[in-house]
1. For the chain, with every protein chain kept in place, what is the accessible area per residue (1.4 Å probe, Å²)?
2. For the range 42-147, just say rounded, prolate or oblate: build the C-alpha gyration tensor, square-root its eigenvalues into a ≥ b ≥ c, call rounded for a/c under 1.5, and beyond that prolate if a/b exceeds b/c, oblate if not.
3. Nearest 500 deg cm²/dmol is fine: what mean residue ellipticity at 222 nm does the chain get from its DSSP H runs of n ≥ 4 alone, each adding -39,500 (n - 2.57), divided by its residue count?
4. Given LYS130/LYS185; LYS80/LYS169; LYS80/LYS130; LYS4/LYS26, which pairs have Cα atoms separated by over 31 Å?
5. Of all the accessible heavy-atom surface of the chain, with the other protein chains kept in place and a 1.4 Å probe, what percent is carbon and sulfur?
6. If we count every other residue with Cβ under 15 angstrom of TYR24's Cβ, Lys/Arg +1 and Asp/Glu -1, where does the sum land?
7. Which one of PHE192, ILE25, ALA98 has its Cα pushed farthest toward the positive end of the charge dipole of the chain, where Lys and Arg give +1 and Asp and Glu give -1 at the Cβ?
8. Using alpha-carbon pairs under 8 Å, 6+ residues apart, how would you state the relative contact order of the chain in percent?
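The values are calculated or read from the model by the stated rules, or taken from the named source; none is laboratory data. Remember, it's a predicted structure, so these values are computed and weren't measured experimentally. Reconstructed Cβ throughout: ideal geometry from the backbone, glycine too, with neighbour counts over all protein chains shown. Heads up: the accessible areas ignore ligands, DNA and RNA and are worked out on the full protein's heavy atoms, side chains in. Shrake-Rupley method; radii C 1.70, N 1.55, O 1.52, S 1.80 Å.
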Amino acid sequence: MLNKLSEKYRLFVVVGGGRIARYYIKLARSLGTDESYLDEIGIEVTRLNARMLIVALGENAYHLPAKTFDEALSASKGHKIVVMGGTHPGHTTDAVSAMLGERAGAVRLVNATSVDGVYTADPKKDPEAKRLANMNYKELLEICLKVEPGAGPNIVFDPLGAKIVARSKIETRVVHGRELAELRKAIEGQEFHGTIISGE
């Protein structure tokens, strides 16, 4: 799907660490490692995941996970798809995607995650949680700020990323990453099942 879309769009894909990163972070935390080092572990996992995606994408993708925004922008001149993982301790891949989107002048940022949008509470823990089809940047930030800081957070979007999309006014779409038809619609700017974040 990404290869097909890359015929029409310039794509930057930022890959998270997911369950594997959280597993390693939890294990290392139990051994007494500091949060900055835990972030470094998470970054390594995101880059390993990025390499796997690059292999799957084949020739359309830049052959390495870009480690800086300058490298990503430069690589996009000769490749249809550029894949990144994490960059710096303290920055989640949400923040990385927002910063890259800002630098690249992105039309939209699509966050493909494990839930089908932004909810009023964690839908895995609260059966009363409601999905929000539309929200503004301020509302996103209010939800994000309720989460405890630390390496490997399991949240729909992180506060730093939310601040960056707000200041850059990048339309942000949150969609379930395994619902490929909806993901495609989100990337193309069509109506989709998820959450659109825009406006004041």
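1. Per residue, the chain has an accessible area of 55 Å².
2. Prolate, since a/c reaches 1.5 and a/b exceeds b/c.
3. -13000 deg cm²/dmol
4. LYS80/LYS130; LYS4/LYS26
5. The value for the chain is 53 percent carbon and sulfur by accessible area.
6. After counting each charged neighbour, the total is 0.
7. Ranked along the dipole, the leading option is PHE192.
8. 22
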